[in-house]
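J.: Shown below is the structure under consideration.
The values are calculated or read from the model by the stated rules, or taken from the named source; none is laboratory data. These numbers come from a predicted model, not from an experiment. All Cβ positions, even for glycine, are placed from backbone atoms using ideal geometry, and neighbour counts span all protein chains on display.
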Amino acid sequence: MSSPLRVRRFTQRGLVVIEERFLNIIAGETVEVSDLMSDQILSEEVDPPIFVEVQDFASRRAAAEYLTSVLAPLDWDSIENDAGLWTWIAAAWIDVLAPVSSGTRRLGQINRWLLAPNEWKRYYRHLLAGPCYIYKAHADDPDRADAALCSSVAKPGEVAEQVANRLDLVRSPGIMGAITALYFDRATGTLKRGAAGKERPGTSRRLGPVLKQLDRTWDIQDLSSEEVLALLPSEFDRFNPLRNHLGSGA
């Protein structure tokens, strides 16, 4: 575990510079971002003072629990769309989430690092702000969001992608609880086998279109988890705890 860092946020000028660095890295260039982190023109300290310890996380939920805890002195409503803050935090974690391998870093899409505020289709892809948003949306019962938060921070995976790409699903306690009941195996703390299969019956990729169809008849965002599960067609039976008693859905 590294020495604590005092949290800063990139200024508007800093965001331009860090975006260029990220794009250079994505293009295969060997550049660093560490020199930008404490630059007095490109970044500024948050108030009150916050310190973080850059560390590896076992899961997206672990990352969200840690970051929402240390950032608690700041008003969440004012920081959830703070591009300067979340981009700085992502840059602070770059050696953990995208370590240099064979002389290069693999960052993936820039939205994983540079926060796109007020654009959910890009916001949710941010490696650290995305899981924190989901965790905060279910702060009264974080367990219901485990299907979207149990995967690796650096590799969110297909289920997290399918769950998180619609803000209406993310914010609904009933839908999020139903998704976790379908695809998360609480005994192992991992996703059920086959949950992330592409286009196969009952998988997470099929769930979105099915929920969209159900939404034409039902106000599904207002339903309980059990009510959502009861409405799902038979293709989900192997994962559905209301109809399947095999435990893991294997």
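J.: Residue by residue through segment 198-208, note down the ones that are touching a residue at least 12 places away in the same chain (Cβ under 8 Å), surrounded by fewer than 19 Cβ atoms within 10 Å (Cβ to Cβ) and in a loop (DSSP other than H, G, I, E, B).
T.: If the condition is that a residue be touching a residue at least 12 places away in the same chain (Cβ under 8 Å), surrounded by fewer than 19 Cβ atoms within 10 Å (Cβ to Cβ) and in a loop (DSSP other than H, G, I, E, B), then Lys198, Pro201 are the ones that fit.
J.: With the checklist (1) in a helix (DSSP H, G or I); (2) outside the structural domain of Ile26 (by TED's automatic domain parsing); (3) closer than 20 Å to Glu65 by Cα in hand, flag the one item Thr188 doesn't pass.
T.: (1)
J.: For segment 116-132, enumerate the residues that are of a type in the set (Ser, Thr, Tyr) and buried (at least 22 other Cβ atoms within 10 Å of the Cβ).
T.: Start the filter on segment 116-132 by keeping residues that are of a type in the set (Ser, Thr, Tyr), which leaves 123-124.
Scanning segment 116-132 gives a single hit, Tyr124.
J.: Mind checking which residues of segment 33-54 are exposed (fewer than 13 other Cβ atoms within 10 Å of the Cβ) and among the charged types (D, E, K, R)?
T.: Asp35, Asp47, Glu53, listed by residue number.
J.: Take segment 166-185 and flag every residue that is under 27 Å from Asn111 (Cβ atoms) and not in a helix (DSSP H, G or I).
T.: Across segment 166-185, the qualifying residues are Arg166, Ser172, Phe184.
J.: Here's another thing I want to ask about it. Suppose we filter Leu169, Leu149 for residues that are touching a Phe, Trp or Tyr at 6+ places or on another chain (Cβ under 7 Å) and among the aliphatic types (A, V, I, L, M); which single one remains?
T.: Leu149
J.: Quick one: Ala148 ticks every box in (1) out of contact with any Pro (no Cβ under 9 Å at 6 or more places or on another chain); (2) of a type outside the set (Phe, Trp, Tyr); (3) not assigned by TED's automatic domain parsing to the domain that holds Thr30 bar one, so which box is it?
T.: In the conditions (1) out of contact with any Pro (no Cβ under 9 Å at 6 or more places or on another chain); (2) of a type outside the set (Phe, Trp, Tyr); (3) not assigned by TED's automatic domain parsing to the domain that holds Thr30, Ala148 misses (1) alone.
J.: So the check is Cβ under 6 Å with 6+ separation or different chains; which pairs have a first residue in segment 105-123 that's in the same structural domain as Gly28 (by TED's automatic domain parsing) and a second one that's modelled with pLDDT under 95 and surrounded by fewer than 17 Cβ atoms within 10 Å (Cβ to Cβ)?
T.: Trp120/Leu167
J.: Can I ask one more? crowded, with 19+ Cβ neighbours inside 10 Å and part of a helix (DSSP H, G or I): which single residue out of Arg61, Arg13, Arg9 fits that description? Before you say what the answer is, go through the steps one by one.
T.: Numbers: Arg13 fails: crowded, with 19+ Cβ neighbours inside 10 Å; Arg9 fails: part of a helix (DSSP H, G or I).
It is Arg61.
J.: Any residue at all in segment 240-248 that is modelled with pLDDT under 95, touching a Leu at 6+ places or on another chain (Cβ under 6 Å) and not in a helix (DSSP H, G or I)?
T.: Yes, segment 240-248 has at least one match.
J.: Within segment 118-134, identify whether any single residue is more than 12 Å from Ser59 (Cβ to Cβ), in contact with a strand residue (DSSP E or B) (Cβ under 6 Å, 6 or more places away or on another chain), among the aliphatic types (A, V, I, L, M) and part of a helix (DSSP H, G or I), and answer yes or no.
T.: Among the residues of segment 118-134, not one is more than 12 Å from Ser59 (Cβ to Cβ), in contact with a strand residue (DSSP E or B) (Cβ under 6 Å, 6 or more places away or on another chain), among the aliphatic types (A, V, I, L, M) and part of a helix (DSSP H, G or I), which makes the answer no.
J.: Tell me, which residue of segment 142-165 that is part of a loop (DSSP other than H, G, I, E, B) and touching a Gly at 6+ places or on another chain (Cβ under 8 Å) is surrounded by the most Cβ atoms within 10 Å (Cβ to Cβ)?
T.: For segment 142-165, the residue satisfying everything is Cys150.
J.: Additional query: Do any residues in segment 140-161 that are at positive phi have Cβ atoms under 7 Å from those of residues that are in a loop (DSSP other than H, G, I, E, B), where the two are at least six apart or on different chains, and which pairs are they?
T.: Final answer for the pair search is Gly157/Ser151; Gly157/Ala196.
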